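Working notes, beginning with the structure itself.
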Amino acid sequence: MKICILGAGVVGLTTAYFLARNGHEVTIVDRNGLPAQETSFANGGQLSYSYVAPLAAPSIFPSLSKYLLDRQSPLGFRLRADPAQWR
């Protein structure tokens, strides 16, 4: 099977590798001349657990009001006139 992969980042190259290894004819198309020049470029590759699950630690409670009022916070709660939300 002939397959075209859009994007030569980490996911695109990994997908192309495994498809080619399984016998497919793979073409990779990217707007840059080299792989990993945009999203994958200089990616820190870190996991920040405090941002992934902000309620996982007891230390969140003193900052809870700040998080609920900040639009850029990792925790969001939007009040609506929806009875299901108030239950």
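No value in this document is a laboratory result; all are computed from the given coordinates. Note that the structure is predicted; figures quoted are calculated from it, not measured. Backbone-built Cβ (ideal geometry, glycine too); neighbour counts: all protein chains shown.
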Inset, instruction - Run the quick spin-label model on GLN37 and LEU64: label points 7 Å from Cα toward the beta carbon, then report their separation in nm to one decimal. - result: 4.9
Legend entry - Under-5 Å amide H pairs with ILE5, H placed in peptide plane, nonlocal only: THR27, ILE28, VAL29
Legend entry - Amide H contacts of ALA36 (H built 1.01 Å from N, under 5 Å, at least 5 apart or other chain): ALA8, GLY9
